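Everything below concerns the one structure shown next.
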Amino acid sequence: MILSRRRRPLAERLILPALLGAASLAALPAAAQAPQLPPPDAVSLDKLGYMSTFPPTPEQRVDLTNSYKYPQLRWTMQHLRELVPTHNIRRGAAPASALPAAPKPLDGYVFEDDKGQKITVADWLKATYTDAIVVLHKGRVVYERYDNQMKPSSPHLLFSVTKSFTGLMAAQLVHDGKIDDQALVTKYVPELAGSAWGDMKVREVMDMTGAVRFREVYTDPTTEIFGYSWSSGLLPRPPGYQGATNIYDFLKTLKKEGEHGAGFTYRTVHSEVLGWIVSRVTGRHWADLMSENIWQKLGMEEDAYVMVDSVGTPLQGAGLNATARDLARVGEMLRLGGSFNGQKIFDKAVIDDTAKGGDREKFKAGGMPFRPGYSYRNQWWILHNADGAYEASGIHGQMIHINPAAEMVVVKLSSHPVAGAGFTHPLTLKAWAALAQAVRQ
């Protein structure tokens with residue numbers, strides 16, 4: 001990623017990374033993205049008072065002109081459907097499945113952070129601008145906490161955690177023989193014949209090893225990240241704009257750059273293509289598949305929802321919103337091999353294929369040294385640690401972390417000022433290890 005030499009305000013520098021997935025920003029070393037962070041208490045929603053009077057004062061207003069700036073982003077992440085069009089993901093009429101409680105006093109649990117300093121779990125949560133956390137051990141809620149006006153019923157914007165749902169649905173269709181992951185993308189979406197995906201295999205989309213020119217230069221509106229943001233509705237279109245007005249038309253404009261399969265390169269547009277394949281094969285809207293195959297079967301407590309573009313296309317790489325408790329159910333289902341609430345959600349072979357990971361050598365090409373030893377498979381991040389852990393991850397601190405050996409699932413939803421994972425991930429790895437140790441005791 002090319003950055004301007006002019007130092008811009010933090011809020012301005014984070015607008016576009018926040019929108020997409022901040023692949024390039026996430027790849028920067030922590031030292032290169034170490035802004036002066038505001039004290040967490042100073043940017044709490046209780047302190048800021050956004051949208052809290054009737055009507056809100058000009059200082060309190062959050063709308064499309066400022067919703068992705070910081071700290072307004074903290075409000076947006078709990079209220080996205082009040083700003084943009086969305087498609088509901090219905091939980092159904094069945095009773096919510098049980099999440100039994102077996103609380104442990106983890107607030108004061110002490111561990112060493114990434115700098116060798118002692119820190120408690122409560123300190124870690126505050127320092128990383130956490131809005132909600134749920135920790136399950138053997139299917140029981142051992143720790144649950146909400147801050148920054150979050151409640152158990154509050155949906156939260158998940159950004160790139162969305163990708164992992166798209167990846168699992170595609171992987172199940174591969175397992176069922178409805179998608180051939182060695183076939184060209186154009187077998188399913190011939191509209192992409194003239195694009196980067198014209199000679200790309202489905203597997204290269206699923207594991208993000210396909211070569212596509214998608215630049216993220218946040219100071220240059222001729223680069224592709226602006227086209228994605230304008231076409232999807234993430235950013236207001238400039239006067240005289242004549243480009244694509246929906247995601248699928250935008251994808252057709254992207255060209256090949258490099259060799260398919262040579263290495264891992266994180267690109268949100270791959271998830272949009274994969275979601276297109278899923279919907280084309282099933283003849284179903286992504287959100288309806290989520291409702292019928294996942295949300296209703298898991299016995300969720302709350303509906304979820306996904307942002308859509310001008311023609312109803314969901315942002316299948318960045319637009320999902322859901323509650324922490326319902327995401328914990330997803331994590332527990334994965335830990336149990338694809339079944340939960342008396343229902344088979346995914347075949348165990350799909351979960352095993354995901355958890356085994358991808359090519360670790362190819363992953364190194366992605367430029368993410370803060371994820372040492374990782375790989376990427378079916379749009380999930382695989383740690384390859386002794387516990388066999390794997391996770392879904394979104395910018396600003398969204399996580400579903402599954403640790404099979406510790407029988408632990410952690411959901412962490414945050415609104416950190418820095419989008420990219422490179423800034424916080426070394427500490428996150430320390431926290432995962434500490435929580436695994438704590439639940440084992």
Test for Thr313: is it more than 18 Å from Gly198 (Cα to Cα), in contact with a helix residue (DSSP H, G or I) (Cβ under 9 Å, 6 or more places away or on another chain), of a type in the set (Ser, Thr, Tyr) and buried (at least 22 other Cβ atoms within 10 Å of the Cβ) | yes
Which residue pairs have Cβ atoms closer than 6 Å, lie 6 or more positions apart in sequence or on different chains, and pair a first residue in segment 271-286 that is touching a residue at least 24 places away in the same chain (Cβ under 8 Å) and at negative phi with a second residue that is buried (at least 24 other Cβ atoms within 10 Å of the Cβ) and among the polar types (S, T, N, Q)?
-> Ser271/Thr166; Ser271/Gln316; Glu272/Gln316; Leu274/Thr166; Gly275/Thr166; Gly275/Gln316; Trp286/Gln316
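Residue-by-condition table, conditions (1) buried (at least 23 other Cβ atoms within 10 Å of the Cβ); (2) in a helix (DSSP H, G or I):
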residue	(1), (2)
Val330	yes, yes
Leu334	yes, yes
Val350	yes, yes
Asp353	no, yes
Glu361	no, yes
Pro369	no, no
Tyr376	yes, no
Where Asn246 falls short, out of the listed (1) free of Cβ contacts under 8 Å to residues at least 60 places away in the same chain; (2) over 19 Å from the mean Cα position of the chain (by Cα); (3) under 16 Å from Met307 (Cα atoms) | (1)
Which of the residues that make up segment 338-366 are within 12 Å of His175 (Cα to Cα) and touching a residue at least 60 places away in the same chain (Cβ under 8 Å)?
-> Phe346, Asp347, Ala349, Val350, Asp353, Thr354
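Pick from Pro404, Pro369: which is in contact with a strand residue (DSSP E or B) (Cβ under 9 Å, 6 or more places away or on another chain), more than 25 Å from Met77 (Cα to Cα) and touching a residue at least 40 places away in the same chain (Cβ under 8 Å)? Full working, then the answer.
Details: Pro369 fails: in contact with a strand residue (DSSP E or B) (Cβ under 9 Å, 6 or more places away or on another chain).
Being in contact with a strand residue (DSSP E or B) (Cβ under 9 Å, 6 or more places away or on another chain), more than 25 Å from Met77 (Cα to Cα) and touching a residue at least 40 places away in the same chain (Cβ under 8 Å) holds for just one of Pro404, Pro369, which is Pro404.
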Close pairs from segment 314-327: first more than 29 Å from Ala98 (Cβ to Cβ), partner among the hydroxyl-bearing types (Ser, Thr, Tyr) and in a loop (DSSP other than H, G, I, E, B), Cβ under 9 Å, at least 6 apart | Gly317/Ser160; Ala318/Ser160
When the residues of segment 399-424 are filtered to those that are modelled with pLDDT under 95 and not hydrophobic (A, V, I, L, M, F, W, C), which remaining residue is surrounded by the most Cβ atoms within 10 Å (Cβ to Cβ)?
-> Gly420
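Table: residues versus (1) within 26 Å of Trp381 (Cα to Cα); (2) modelled with pLDDT of 95 or more.
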{"position": "Lys187", "(1), (2)": "no, yes"}
{"position": "Met208", "(1), (2)": "yes, yes"}
{"position": "Arg215", "(1), (2)": "yes, no"}
{"position": "Asp220", "(1), (2)": "no, no"}
Any idea which of Asp303, Asp288 is over 20 Å from Glu216 (Cβ atoms), surrounded by fewer than 21 Cβ atoms within 10 Å (Cβ to Cβ) and in contact with a strand residue (DSSP E or B) (Cβ under 7 Å, 6 or more places away or on another chain)?
-> Asp303
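Based on what the data block shows, is Trp295 farther than 29 Å from Phe214 by Cα, of a type in the set (Phe, Trp, Tyr) and crowded, with 20+ Cβ neighbours inside 10 Å? Talk me through it step by step, then tell me what you get.
Working: farther than 29 Å from Phe214 by Cα: yes; of a type in the set (Phe, Trp, Tyr): yes; crowded, with 20+ Cβ neighbours inside 10 Å: yes.
In short, yes.
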Give the residues of segment 43-68 that are buried (at least 19 other Cβ atoms within 10 Å of the Cβ), touching a residue at least 40 places away in the same chain (Cβ under 8 Å) and not hydroxyl-bearing (Ser, Thr, Tyr), sorted by residue number.
-> Val43, Leu45
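Test of understanding: among Leu125, Leu80, Leu106, which residue is buried (at least 17 other Cβ atoms within 10 Å of the Cβ) and under 26 Å from Ser232 (Cα atoms)?
Values: Leu125 fails: under 26 Å from Ser232 (Cα atoms); Leu106 fails: under 26 Å from Ser232 (Cα atoms).
Among Leu125, Leu80, Leu106, only Leu80 is buried (at least 17 other Cβ atoms within 10 Å of the Cβ) and under 26 Å from Ser232 (Cα atoms).
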Matching residues, segment 414-441, being part of a helix (DSSP H, G or I), polar (S, T, N, Q) and within 18 Å of Leu327 (Cβ to Cβ) | Thr428
When you scan segment 92-209 for helices (runs of 4 or more DSSP H) that lie fully inside it, which ones turn up with 3 or more residues that are out of contact with any helix residue (DSSP H, G or I) (no Cβ under 6 Å at 6 or more places or on another chain) and farther than 29 Å from Ser291 by Cα?
-> 121-127
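Could we say that His396 is part of a loop (DSSP other than H, G, I, E, B) and crowded, with 23+ Cβ neighbours inside 10 Å here? Walk me through how you get there before you give the answer.
On the way: part of a loop (DSSP other than H, G, I, E, B): yes; crowded, with 23+ Cβ neighbours inside 10 Å: yes.
Answer is yes for this residue.
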Over segment 330-344, the set of residues closer than 18 Å to Lys163 by Cβ and touching a helix residue (DSSP H, G or I) at 6+ places or on another chain (Cβ under 9 Å) is Val330, Met333, Leu334
Checking Lys104, Lys151, Lys201, Lys118 in turn, the sole residue that is under 28 Å from Gly357 (Cα atoms), out of contact with any Pro (no Cβ under 6 Å at 6 or more places or on another chain) and of a type in the set (Lys, Arg) turns out to be Lys201
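Each row is one residue, and each column tells you yes or no for (1) surrounded by fewer than 18 Cβ atoms within 10 Å (Cβ to Cβ); (2) in contact with a strand residue (DSSP E or B) (Cβ under 8 Å, 6 or more places away or on another chain); (3) of a type outside the set (Gly, Ala, Ser).
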| site | (1), (2), (3) |
| --- | --- |
| Val202 | no, yes, yes |
| Ala211 | no, no, no |
| Thr219 | yes, no, yes |
| Ile225 | no, no, yes |
| Trp230 | no, no, yes |
| Thr245 | yes, no, yes |
| Leu251 | no, no, yes |
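The values are calculated or read from the model by the stated rules, or taken from the named source; none is laboratory data. All values reported here derive from a predicted model rather than from experimental measurement. Note that each Cβ is placed from the backbone with ideal geometry, even for glycine, and that neighbours are counted across all protein chains shown.
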